[in-house]
Amino acid sequence: MSLFRYLLPLPLLALLPFANATAANKSFVGAGGNVRLSYASSLTPTRNFAGRPLMNRGWRQMWDGAPIGRGVGIVRFWELAKPTDGQGQVTELLQVGFSRSAAVVATCGTAGMVSGNVRRLPNRMLGGHRWTVYASGDAGMSQQVSATNLRSVINGACYAIDRVTYAVKAAPPAGRNAPIQVVAAARMDAILATIKVGARR
């Protein structure tokens, strides 16, 4: 069964105190200065792009089994949280990657999205650029994954942003210090809202 998550609209995010860009936030700059974003100081940026059941490893997510293609993972953020339904644990995740491979750039907006569990969403403006957007999801055994995938060709490179919710109902509960899911999700969505790609203007 397809599982599609719903990202909080940006106006609503602005009303959440834990999602606002504040003095407690940090800045990240990657890809030679071409990717900039802000993130909550409680999070840690990583270059670990390991896979999971239902998710491939690497710089972008592919939902139809197609090769990932040559590219580079720029940054990944994730946070373990207590699920809304109280069963198991859930990971809220956001990752950014890019490729300058001509073969990858040629199909940037469609590669990996030819699947019955993927549906096209309206294009979205983010950081001054237009992005192709998809909602995707999959399920198996006790795992469930749902995601919003954004793709754009900017200055000759293919950029991929994957905003993922990964739930495992059979896993041990998240620790007592773990945030509730809505808080972790809002932190990832807040990062997404700050992403800027391309040279500074």
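Miscellaneous remarks
- Sequence-distant contacts, meaning Cα pairs under 8 Å at least 6 residues apart, place the relative contact order of segment 26-197 at 27 percent.
- Cα-based convex hull volume of the chain per residue, rounded to whole Å³: 119
- Between the beta carbons of Ala199 and Gln87, assuming R0 = 41 Å, the FRET efficiency works out to 0.35 to the nearest 0.05.
- Spatially, segment 113-147 and segment 65-102 are offset by 12 Å when compared through their Cα centroids.
- Of the residues Ala111, Ala160, Ala170, the one that moves most in a GNM of the chain with alpha-carbon contacts below 10 Å is Ala170.
- The distance between label points at Arg119 and Ser142 comes to 2.9 nm (points 7 Å beyond Cα on the Cα→Cβ vector).
- Calculated [θ] (222 nm, deg cm²/dmol) that DSSP helices of n ≥ 4 give over the chain, each run adding -39,500 (n - 2.57): -3000 deg cm²/dmol
Only the coordinates and a few stated rules stand behind these numbers; no lab work does. The structure displayed is predicted, hence computed values, not measured ones. Methodologically, a virtual Cβ is constructed for each residue, glycine included, from the backbone with ideal geometry; neighbour enumeration extends over all protein chains shown.
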